[in-house]
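Engineer: This is the structure I want to talk about, given as structure tokens.
The values are calculated or read from the model by the stated rules, or taken from the named source; none is laboratory data. Quick caveat, the model's predicted, so the values are computed rather than measured. Here the Cβ positions follow ideal geometry from the backbone for every residue, glycine too, while neighbour counts run over all protein chains shown. In case anyone asks, the SASA skips ligands and DNA or RNA and just uses the protein heavy atoms, side chains included. Shrake-Rupley method; radii C 1.70, N 1.55, O 1.52, S 1.80 Å.
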Amino acid sequence: MALLHKLLIARPLTCCGWALAVVLSLGACTPAPDVPLESAAERTPAGAATAPAQPFPSFDVPLSNLPESARMNFFAGKALAEQPWVKAPTATTARDGLGPLYNARTCMFCHVRGGRGRIPEQGDELLIQGILRLSLDHGKYDQSMGVIPHPAYGDQLQTQSISLAHQLRHLASSSLEHSVAPEAYIYVDWQEETFRYPDGETAQLRQPRARIDKLRYGSLDNARTSLRNAPPMLGVGLLEAVPEASILALEDPQDNDKDGISGRANRVWDPQTNSMQLGRFGWKANRADLPVTVAAAFVNDVGITNPIFSDQPCTAQQTACLAAPSGNDENGHELPQSLLDLVVLFSRNLAVPARRAPQDAEVLRGRTQFYQTGCQSCHQPDYVTGSGIADHLANQHIWPYTDLLLHDMGENLADQRSDFSASGREWRTPPLWGVGVSALVNGSGQLLHDGRARSVEEAILWHGGEAAAVRETFINLPQLQRQALIKFVESL
């Protein structure tokens, strides 16, 4: 056994789990049950589109196989996504139309370098890179919106406005009476607790509570609220290219295989086709494709109307908002189709970085633990993309580690706010690719929908509902095995 121990240290096994490392003979290694052999394809998670690993990673670089003919438009779209908008009217109409109500002046203000947003760490800091969703009548929804919006505030609180009233919030309210006032200001308070593993190790957990200040258009009544952090943008074009049949094949709404996992698809309204389609983007899979996702962000987050969403998010009670000047072009849109197409092209072609140290011995042990623990039940490792969007996105073997389905994640993560058919306890499985370099991209390593998790470990410990059994298996692993699993996830 001493000889075997030395051999295992000298030559890490690629097909055996940590728990199987000590075997009873010197015979051939046998893969652990349900643990597929590690393949070279896993090291390039976006197939031929994978970007080289970088010492200073960024999620706003183009796919490696993006045709040279498309690169000029990619960078034109990037400039549009990064350049701030200004309020109308201006001498030039190219960049006017901001607001009247908005959350950010530019798309990439929240998705800095294509990465995650940042939820404030201190209670006296305004929320500026996340948003607060609103709705009424949980379980019911307007067919086109997915929720019942609040009559005075809609389905999202906009915290900035063209009146720059956010700089005047300490003045008397009468001074803002005739201006377009921000709907409210949002702060985040944190509640911390200590989690103790069965082996005595501890971890700190926290959860946020949004605090709403200076509501300008009346009470929120019984509105349900949900704090959302901006998700990373890498690889979204490849996820859009995953065949619908591949996603639906993973559905098991009745849990027919009795494994406790019952993922299901969200069906959402597509304003382009005026029909219900498979949802695959957004924290609750409430957007069907990238044109709708990008257009919705423009109108709701920046206040920029476009051919898909032609109305400002002003409600009937916000008369100053409705009367504010517009930057509309001859077609009645502030962002014409040609410019929307450029930003969609940019978003669709954002690269996924290559794996970091995929052959590291601890990473390989963690890979086995990932499968043996059951993480792959929701974090589906791989797909082959289909055709129809762009040739360079087609037929790529990708490894995003998501099934793009909704799962009940338990009461601790519930926001009690439904979205189309997603319940208040359900969330779309987030992709894991790039998670290990998230903090290096722009300083934000905050995970989960509201940014509560500061690490992969914290994110796992918040799992519940359908993932409760997987979480229980994880917390009962020896510490070294837990660390190995986390290191594998961080290598993705």
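Conditions (1) under 27 Å from residue 399 (Cα atoms); (2) in contact (Cβ under 8 Å) with a residue 24 or more places away in the chain, marked per residue:
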residue: 284; (1), (2): yes, yes
residue: 318; (1), (2): no, yes
residue: 323; (1), (2): no, no
residue: 339; (1), (2): no, yes
residue: 346; (1), (2): yes, yes
residue: 363; (1), (2): yes, yes
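Engineer: Any idea how many residues of region 295-313 are out of contact with any strand residue (DSSP E or B) (no Cβ under 6 Å at 6 or more places or on another chain), in contact (Cβ under 8 Å) with a residue 60 or more places away in the chain and open to solvent by 20 Å² or more (accessible area, probe 1.4 Å)?
Structural biologist: 3
Engineer: Could you please give the count of residues in region 114-145 that are buried (at least 24 other Cβ atoms within 10 Å of the Cβ) and either at pLDDT below 95 or among the hydroxyl-bearing types (Ser, Thr, Tyr) (or both)?
Structural biologist: Qualifying residue count for the region: 1.
Engineer: Here's something else I'd like to know. Does residue 384 satisfy the criteria of being of a type in the set (A, V, I, L, M, F, W, C), under 30 Å from residue 76 (Cα atoms) and over 15 Å from the mean Cα position of the chain (by Cα)?
Structural biologist: So residue 384 passes the test.
Engineer: Starting from region 445-457, take each residue that is assigned to a loop (DSSP other than H, G, I, E, B) and list its partners that are among the aromatic types (Phe, Trp, Tyr) and open to solvent by 20 Å² or more (accessible area, probe 1.4 Å), counting only C-beta distances under 8 angstrom and pairs at least six apart or across chains.
Structural biologist: From region 445-457, the pairs are 449/283.
Engineer: Moving on to the next point. Identify, from the list 242, 268, the residue that is modelled with pLDDT of 95 or more, closer than 21 Å to residue 423 by Cα, buried (at least 18 other Cβ atoms within 10 Å of the Cβ) and of a type in the set (Val, Ile, Thr).
Structural biologist: 268
Engineer: Would you confirm whether or not region 384-393 contains a residue that is at pLDDT 95 or above, crowded, with 21+ Cβ neighbours inside 10 Å and closer than 22 Å to residue 485 by Cβ?
Structural biologist: In the first step, residues of region 384-393 are kept if they are at pLDDT 95 or above; the result is 384-386, 390-393.
Applying the additional criterion that residues be crowded, with 21+ Cβ neighbours inside 10 Å yields 385, 393.
From what is left, the residues that are closer than 22 Å to residue 485 by Cβ are none.
No.
Engineer: For region 221-231, give me each residue that is at negative phi, more than 19 Å from the chain's Cα centre (by Cα) and not in a strand (DSSP E or B).
Structural biologist: 222, 223
Engineer: What number of residues within region 396-412 satisfy the criterion of being open to solvent by 10 Å² or more (accessible area, probe 1.4 Å) and either free of Cβ contacts under 8 Å to residues at least 60 places away in the same chain or small (Gly, Ala, Ser) (or both)?
Structural biologist: Residues meeting the conditions: 2.
Engineer: Exactly one of these conditions fails for residue 463: (1) under 25 Å from residue 135 (Cα atoms); (2) in contact with a strand residue (DSSP E or B) (Cβ under 9 Å, 6 or more places away or on another chain); (3) free of Cβ contacts under 8 Å to residues at least 60 places away in the same chain. Give me its number.
Structural biologist: Of the numbered conditions (1) under 25 Å from residue 135 (Cα atoms); (2) in contact with a strand residue (DSSP E or B) (Cβ under 9 Å, 6 or more places away or on another chain); (3) free of Cβ contacts under 8 Å to residues at least 60 places away in the same chain, the odd one out for residue 463 is (2).
Engineer: Any idea how many residues of region 59-98 are part of a loop (DSSP other than H, G, I, E, B) and either in contact (Cβ under 8 Å) with a residue 12 or more places away in the chain or not small (Gly, Ala, Ser) (or both)? Give the steps one after another, and end with the answer.
Structural biologist: Start the filter on region 59-98 by keeping residues that are part of a loop (DSSP other than H, G, I, E, B), which leaves 59-61, 63-67, 83-85, 87-95, 97-98.
Imposing the further condition that a residue be either in contact (Cβ under 8 Å) with a residue 12 or more places away in the chain or not small (Gly, Ala, Ser) (or both) reduces the set to 59-61, 63-67, 83-85, 87-90, 92-93, 95, 97-98.
Qualifying residue count, region 59-98: 20.
Engineer: Is there a residue being of a type in the set (Phe, Trp, Tyr), modelled with pLDDT of 95 or more and either surrounded by fewer than 21 Cβ atoms within 10 Å (Cβ to Cβ) or assigned to a strand (DSSP E or B) (or both) anywhere in region 151-159?
Structural biologist: No: region 151-159 contains no residue that is of a type in the set (Phe, Trp, Tyr), modelled with pLDDT of 95 or more and either surrounded by fewer than 21 Cβ atoms within 10 Å (Cβ to Cβ) or assigned to a strand (DSSP E or B) (or both).
Engineer: So, residue 466, is that one closer than 25 Å to residue 252 by Cβ and either assigned to a helix (DSSP H, G or I) or in contact with a helix residue (DSSP H, G or I) (Cβ under 6 Å, 6 or more places away or on another chain) (or both) or not?
Structural biologist: Criteria met by residue 466.
Conditions (1) small (Gly, Ala, Ser); (2) closer than 20 Å to residue 445 by Cα; (3) assigned to a loop (DSSP other than H, G, I, E, B), marked per residue:
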position: 190; (1), (2), (3): no, yes, no
position: 200; (1), (2), (3): yes, no, yes
position: 203; (1), (2), (3): yes, yes, no
position: 208; (1), (2), (3): no, yes, no
position: 212; (1), (2), (3): no, no, no
position: 216; (1), (2), (3): no, no, yes
position: 219; (1), (2), (3): yes, no, yes
position: 233; (1), (2), (3): no, yes, yes
position: 238; (1), (2), (3): no, no, no
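Engineer: Can you confirm whether region 327-343 contains a residue that is crowded, with 23+ Cβ neighbours inside 10 Å, within 23 Å of the chain's Cα centre (by Cα) and within 30 Å of residue 483 (Cα to Cα)?
Structural biologist: no
Engineer: I'm checking my understanding of the structure. Among residues of region 31-58 that are assigned to a helix (DSSP H, G or I) and touching a residue at least 12 places away in the same chain (Cβ under 8 Å), which one is nearest to residue 380 (Cα to Cα)?
Structural biologist: Let us first name the residues in region 31-58 that are assigned to a helix (DSSP H, G or I), namely 40-43, 47-49.
With touching a residue at least 12 places away in the same chain (Cβ under 8 Å) added as a condition, the list becomes 41-43, 47-49.
Numbers: 41: 15, 42: 13, 43: 16, 47: 16, 48: 20, 49: 20 Å.
Filtering region 31-58 for residues that are assigned to a helix (DSSP H, G or I) and touching a residue at least 12 places away in the same chain (Cβ under 8 Å), the one nearest to residue 380 (Cα to Cα) comes out as 42.
Engineer: What number of residues within region 100-109 satisfy the criterion of being open to solvent by 20 Å² or more (accessible area, probe 1.4 Å) and part of a loop (DSSP other than H, G, I, E, B)?
Structural biologist: Residues meeting the conditions: 1.
Engineer: Right, next: Considering only residues that are of a type outside the set (Asp, Glu) and under 18 Å from residue 412 (Cβ atoms), look in region 190-201 and name the one that is least open to solvent (accessible area, probe 1.4 Å).
Structural biologist: 197
Engineer: Could you figure out which of (1) open to solvent by less than 30 Å² (accessible area, probe 1.4 Å); (2) in a helix (DSSP H, G or I); (3) free of Cβ contacts under 8 Å to residues at least 24 places away in the same chain isn't true of residue 438?
Structural biologist: Of everything listed in (1) open to solvent by less than 30 Å² (accessible area, probe 1.4 Å); (2) in a helix (DSSP H, G or I); (3) free of Cβ contacts under 8 Å to residues at least 24 places away in the same chain, residue 438 misses just condition (3).
Engineer: Check region 217-237 and report whether any residue there is open to solvent by 60 Å² or more (accessible area, probe 1.4 Å), in contact with a helix residue (DSSP H, G or I) (Cβ under 8 Å, 6 or more places away or on another chain) and over 19 Å from residue 381 (Cβ atoms).
Structural biologist: Within region 217-237, none of the residues are open to solvent by 60 Å² or more (accessible area, probe 1.4 Å), in contact with a helix residue (DSSP H, G or I) (Cβ under 8 Å, 6 or more places away or on another chain) and over 19 Å from residue 381 (Cβ atoms).
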